[in-house]
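This report refers to the structure that appears directly beneath it.
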Amino acid sequence: MGSTYERSFVKGLVWESISFVVIFIVVYLIYGDVKTSFIFSIGLTSIKSVLFFIHERIWKKIKWGK
């Protein structure tokens, strides 16, 4: 059976939301600037979200361990 596209999307969205907060806090602690933290977090989270979705879809096709 496996995951649907929607499940993969929501799973990635939830995980990347958590990741966004962590990245924001770390960058803020390093640079002390909200704008820099926000821009960096948006950029990195966007890239990671796309890569996570692709990763999930590839693993769905792999039969190993099922």
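Here, each number is a calculation from the coordinates, and none is a lab measurement. Bear in mind the structure is a predicted one, so any value in this text is a computation, not a measurement. With ideal geometry, Cβ positions are generated from the backbone for all residues, glycine too; neighbour counts draw on all protein chains shown.
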Could we say that Ser8 is in contact (Cβ under 8 Å) with a residue 12 or more places away in the chain and outside any helix (DSSP H, G or I) here? no
Out of (1) surrounded by 12 or more Cβ atoms within 10 Å (Cβ to Cβ); (2) under 20 Å from Arg7 (Cα atoms); (3) not hydroxyl-bearing (Ser, Thr, Tyr), the odd one out for Lys61 is which? (1)
Within region 27-45, identify whether any single residue is within 14 Å of the chain's Cα centre (by Cα) and among the charged types (D, E, K, R), and answer yes or no. no
How many residues does region 2-16 contain that are in contact with a helix residue (DSSP H, G or I) (Cβ under 8 Å, 6 or more places away or on another chain) and within 17 Å of Ser49 (Cβ to Cβ)? 9
Among the residues of region 44-52, is any touching a Ser or Thr at 6+ places or on another chain (Cβ under 7 Å), among the charged types (D, E, K, R), surrounded by 13 or more Cβ atoms within 10 Å (Cβ to Cβ) and part of a helix (DSSP H, G or I)? yes
